[in-house]
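Working notes, beginning with the structure itself.
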Amino acid sequence: MSTENTHSGNGPTISRRIKSWVPIILSGIVGLVLLFAGLQKAFEIDLFIRQIRDYEIITDPLLVIFSAWVLLTFECCLGAALIVNFHPKIAVPAGGLLFLIFISATGYAWATGVTDDCGCFGSWVERTPQEAMLEDIFLFAALMIAWKFNRSFRRWPFFIKELLTAMAFLAGLSLPVTAGPLLDRIDTAITGPVKEGFEPFVLKDFPYKDLSVGRHIIFILATDCSHCREEMDNLNMIAEDKTLPEVISVCINDQKQIEDFIFDFDPAFEIYQINSNDFWRLLGDGEIPRTILVNDGIIVKIWDFVVPDTDDLKTASGI
């Protein structure tokens, strides 16, 4: 009799504990994903800015930069809040709203094909929009379960929850400035890209070619840019035309990515890695692939996104 009472008494208690902890665990897992993604974006703000631009939903350069900054800061803060179960009645539905935005954006990218990389985790973990959308749906579902069943909110001593959430917010806000070139990107967006006709073409620590003498055609691209890959036949056609100036290309991808790109596409021109400051100064609010015609170190003409044909290049080069 006593055994039966013991079992019957423990049953509801275990059930209540499961109902209490499962939603907290689910929201904590989602919080870890958000915090990881936000910190990654903070350390690779350049890449995240370009990934947002690739969606072609926001086009103004300054607005793209601020959107990237606000989003990664919000991800860090919200992720920490979900991990420590800080004000779940606010944090959990806020997370659900954020994932609805993610699902809409990745669904749009999936339908239109504007980008091959969702931009969720930058260079750490690559995800297609299709993969990211499905993952976001699962994470959104986990948050909805947590929202429905999470009824517990316990304060931690010494305002530790508040402190950890605030620290995550400050990390997201400050890392792009202290560990990344965010202020330089804002300045570039305000002043605009390099100008045609009179602005020097300058690359720091570039010992491979002397670009201050003679005519050169410079391609600015990214090895993971889908449109750059689609334009490789046109880029090679320009490089193979011996009547045109010498062609080189620059990017900010690492050497392994460059080698893989060369293996896949066998470009008819040399590809060099440059530092991110030079890359973004030359690109500004333009779009890749960007073609720049240089004469004696001065930028003569710039073409964005659409690769110029050989006749346009010859006319601009005075050939």
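The values are calculated or read from the model by the stated rules, or taken from the named source; none is laboratory data. As the structure is a prediction and not an experimental result, all values here were calculated from the model. Here the Cβ is made from the backbone with ideal geometry for all residues, glycine too, and neighbour counts use every protein chain on show.
Odds and ends about this structure:
Here's the yes/no breakdown for (1) surrounded by fewer than 21 Cβ atoms within 10 Å (Cβ to Cβ); (2) in contact with a Lys or Arg (Cβ under 7 Å, 6 or more places away or on another chain); (3) assigned by TED's automatic domain parsing to the domain that holds residue 131:
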residue	(1), (2), (3)
20	yes, no, yes
26	no, no, yes
35	no, no, yes
55	yes, no, yes
60	yes, no, yes
86	no, yes, yes
92	no, no, yes
97	yes, no, yes
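- Near pairs, Cβ below 6 angstrom, 6+ apart or cross-chain, from segment 100-111 (in contact (Cβ under 8 Å) with a residue 12 or more places away in the chain) to any residue that is buried (at least 16 other Cβ atoms within 10 Å of the Cβ) and among the β-branched types (Val, Ile, Thr): 109/115
- Residue in segment 65-76 that is small (Gly, Ala, Ser) and surrounded by fewer than 22 Cβ atoms within 10 Å (Cβ to Cβ) present: yes
- Scanning segment 176-213 for residues that are at pLDDT below 70, under 16 Å from residue 294 (Cα atoms) and crowded, with 16+ Cβ neighbours inside 10 Å yields 193, 194.
- Selected residue (criterion: surrounded by the most Cβ atoms within 10 Å (Cβ to Cβ)) from residues of segment 39-53 that are among the hydrophobic types (A, V, I, L, M, F, W, C) and closer than 15 Å to residue 117 by Cβ: 48
- Qualifying positions in segment 214-230 - of a type in the set (D, E, K, R) and either surrounded by 20 or more Cβ atoms within 10 Å (Cβ to Cβ) or touching a Gly at 6+ places or on another chain (Cβ under 8 Å) (or both): 224
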